[in-house]
Amino acid sequence: MLEQSFIPAFTCFGQAIFGIRLKFTFFKEERASSFLFVEFAPSVVTIHGYTPQNRRVNSVTLISTASELTRSLKEPMMSSMRLMILLTSLTLIAQESFSQDADAEQATHAGFAERDITPEIGMERPGGYRKIFHRSLHDPCKVRAAVFDDGTNRVAIVSVDALLVRREMVLAARKRIEEKCGIPAGAILIHATHSHSSGPTGMIYPGEFDHASELVQELAYEKSSAADPKYIVRVENQIVDAVCAANEDQRSTQCSAGKGKAEGVAFNRRFRMTSGLTQTHPRPGNPGIIEPAGPVDPEVGVIGAWDAEGNLTGCIVNFVCHATASPGGISANYIYYVEQVIRGVFGDEVVVVFLAGASGDVTQVENMTKYQRRKAEQSSRFVGGTVGAEAVKVLLREEPGTLTPINFDSTLLKISRRTPRPERVTKSLELVKKQPAEVGATEWAFAKEIVLLDALLEKKPVADVEVQAIQIGPVVLLTDPAEFFCQFGLDIKAGSPFPLTFPVSLANGCVGYVPTEESFGPRGGGYETRLTGYSNLEITAGQKMVDAAVELSKRLKPGKIPTRPLEAEFTAPWTYGAVPPEVD
């Protein structure tokens, strides 16, 4: 199929040159516009093929048709229709030669890189509503980045070993990346793995409560888990550096994509109780437990990138489980063991970009077992090793090929925050003026959170909630900036037209827990529904994000999952095996 538009003739080095702009359709898949320039002399016609990036991919010299073309062009009354026919004939002859190189040009290019963001001993360890500090090191925390390019679009996927990434950091890093290496800001996904054993990227941000009273500032900066200003600058710098390094590392790549299942390692932590309410972590042996209040999602989504020699250069792994296994000390959490298993099979240079799915109510903790909980190190090995082993199986099973198209889209929702009752704010102010030991540590901590939320509402009553879609051929990554309930992730998968849909939570910002509406109903409740400065969006927020994600997925056209070539038609069985039993 050809779309033609004639470019006016001009003279160059004594030779007339006519150009035709063409859009090809190869193998029934529409390609980006490419250029063919027809250059002719009295005895030779040469057709040069160029990609959209103005890189020449091939040239074809046609001698037999040259004389006819040049003779026709000399005729004073030559019609534009005849010229079109002649030039179209030339391009059809050249198409066979160009197709192979054009396909190579349109193949997926991918690059990977990682950078260190291990926090210092003594820095805060985020993950709760009070200050806790790191005292030892288990394994490094990293930024891991992947860049995919199909010749038309480029996307960057970033995984940060952090509890969260704030919106301010995301916007700043995107701006710098776009300026430095040209990847559009909207094509950059920045995700936090939600490691509870990582560095201080949150929860309170520098300057966030400078507008509030001295009491509120003390509660925010001195009594709450807070980001370290120098550390967040370092993390932002390493995000930018990792993405730009991955962009430079791009090479022609064969990619594979698929999914497996890692069952029995992650569990819903919310339970319906005989009291009529729902509790989080009611603990093993609790006689009030009826059943889990939500699902799990054992699916392990995987994308692999392979070089020309068949070596795995990097991969993306998507799984649903809170990163709370925490082996002890500073750590990427169980993600460290996902990486160790994959590298154990494919080599120490493989970059593993881990993306946590909708894990808001799913952890490694079993609340319905008669056995004692695994120790932290063992638990981390068990979860990460199991997920890593399943990822290896998918990487070995799926056929590498071309994953196209590469695409991206996003939408920005404005979602209101829930407002505490005035009398609750007044009571909370009274409580925080007392010592935690006097009123109870839990009561004091959540009174503090109500006071902080009341101050936050003065400044930001509405939250920016970005939902993003990143497409890599048959795979779509659909993001939310929340500790998203597992049911929402399953709803997104059910609504997406893609054969492989990977929900990615805590991406491009953080708005805290986003439970289902049922969780706020008469039989709801539990830790995730608490109203705090961290978790406070209106109860319909989750469904709005699901609807937005599904809508984005439907705007994109899924690519094909690569498969092995079809077997040839049957001719005859294997002669060694086509025999009756030989008893004697």
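The values are calculated or read from the model by the stated rules, or taken from the named source; none is laboratory data. Keep in mind it's a predicted model, so treat the numbers as computed, not measured. For neighbour counting, all protein chains shown are included, and Cβ atoms are generated from backbone atoms with ideal geometry for every residue, glycine included. Note: accessible area is taken over every heavy atom of the protein model, side chains too, but ligands, DNA and RNA are not part of it. Shrake-Rupley method; radii C 1.70, N 1.55, O 1.52, S 1.80 Å.
Considering only the stretch 331-343, I want to know if a residue exists there that is touching a Lys or Arg at 6+ places or on another chain (Cβ under 7 Å) and among the aliphatic types (A, V, I, L, M).
yes
Is there any pair linking a residue in the stretch 200-226 that is over 19 Å from Gln435 (Cβ atoms) and touching a residue at least 40 places away in the same chain (Cβ under 8 Å) to one that is acidic (Asp, Glu) and outside any loop (DSSP other than H, G, I, E, B), with Cβ under 6 Å and at least six apart or on different chains, and which?
If the second residue must be acidic (Asp, Glu) and outside any loop (DSSP other than H, G, I, E, B), the pairs left are Pro200/Glu124.
Answer yes or no as to whether Ala356 is modelled with pLDDT of 95 or more, of a type in the set (A, V, I, L, M), open to solvent by less than 50 Å² (accessible area, probe 1.4 Å) and under 20 Å from Phe502 (Cα atoms). If you could, list the steps in order and put the result at the bottom.
Working: modelled with pLDDT of 95 or more: yes; of a type in the set (A, V, I, L, M): yes; open to solvent by less than 50 Å² (accessible area, probe 1.4 Å): yes; under 20 Å from Phe502 (Cα atoms): yes.
It is true that Ala356 is modelled with pLDDT of 95 or more, of a type in the set (A, V, I, L, M), open to solvent by less than 50 Å² (accessible area, probe 1.4 Å) and under 20 Å from Phe502 (Cα atoms).
So, in the stretch 268-292, of the ones that are open to solvent by less than 30 Å² (accessible area, probe 1.4 Å) and within 15 Å of Pro522 (Cβ to Cβ), which residue ends up farthest from the chain's Cα centre (by Cα)?
This residue is Gly276.
(1) within 30 Å of Ile121 (Cβ to Cβ); (2) of a type in the set (Val, Ile, Thr); (3) crowded, with 19+ Cβ neighbours inside 10 Å: which one isn't true of Thr253, the others all being true?
Against the list (1) within 30 Å of Ile121 (Cβ to Cβ); (2) of a type in the set (Val, Ile, Thr); (3) crowded, with 19+ Cβ neighbours inside 10 Å, Thr253 comes up short only on (1).
Which of the residues spanning the stretch 412-449 are surrounded by 14 or more Cβ atoms within 10 Å (Cβ to Cβ) and assigned to a strand (DSSP E or B)?
Leu413, Ile415, Ser416, Arg417
Could you go through the stretch 335-344 and let me know if any residue there is touching a residue at least 60 places away in the same chain (Cβ under 8 Å) and either touching a helix residue (DSSP H, G or I) at 6+ places or on another chain (Cβ under 7 Å) or open to solvent by 30 Å² or more (accessible area, probe 1.4 Å) (or both).
Of all residues in the stretch 335-344, those touching a residue at least 60 places away in the same chain (Cβ under 8 Å) come to 335-336.
From what is left, the residues that are either touching a helix residue (DSSP H, G or I) at 6+ places or on another chain (Cβ under 7 Å) or open to solvent by 30 Å² or more (accessible area, probe 1.4 Å) (or both) are 335-336.
Looking for residues that are touching a residue at least 60 places away in the same chain (Cβ under 8 Å) and either touching a helix residue (DSSP H, G or I) at 6+ places or on another chain (Cβ under 7 Å) or open to solvent by 30 Å² or more (accessible area, probe 1.4 Å) (or both), one finds at least one in the stretch 335-344, hence yes.
Restricting to the stretch 362-394, give me the number of residues that are touching a strand residue (DSSP E or B) at 6+ places or on another chain (Cβ under 8 Å), in a loop (DSSP other than H, G, I, E, B) and open to solvent by 60 Å² or more (accessible area, probe 1.4 Å).
The total comes to 2.
So how many residues does the stretch 256-267 have that are open to solvent by 50 Å² or more (accessible area, probe 1.4 Å), in contact with a strand residue (DSSP E or B) (Cβ under 9 Å, 6 or more places away or on another chain) and not in a strand (DSSP E or B)?
The qualifying residues number 0.
Considering only the stretch 202-216, I want to know if a residue exists there that is closer than 30 Å to Asp249 by Cα and surrounded by fewer than 17 Cβ atoms within 10 Å (Cβ to Cβ).
No, the conditions are met nowhere in the stretch 202-216.
Among the residues of the stretch 220-239, is there at least one that is outside any helix (DSSP H, G or I) and either surrounded by fewer than 18 Cβ atoms within 10 Å (Cβ to Cβ) or at pLDDT below 95 (or both)?
yes
Show me the strands (runs of 3 or more DSSP E) entirely contained within the stretch 107-166 in which 2 or more residues are buried (at least 24 other Cβ atoms within 10 Å of the Cβ) and among the basic types (Lys, Arg).
The qualifying strands (runs of 3 or more DSSP E) are 142-149.
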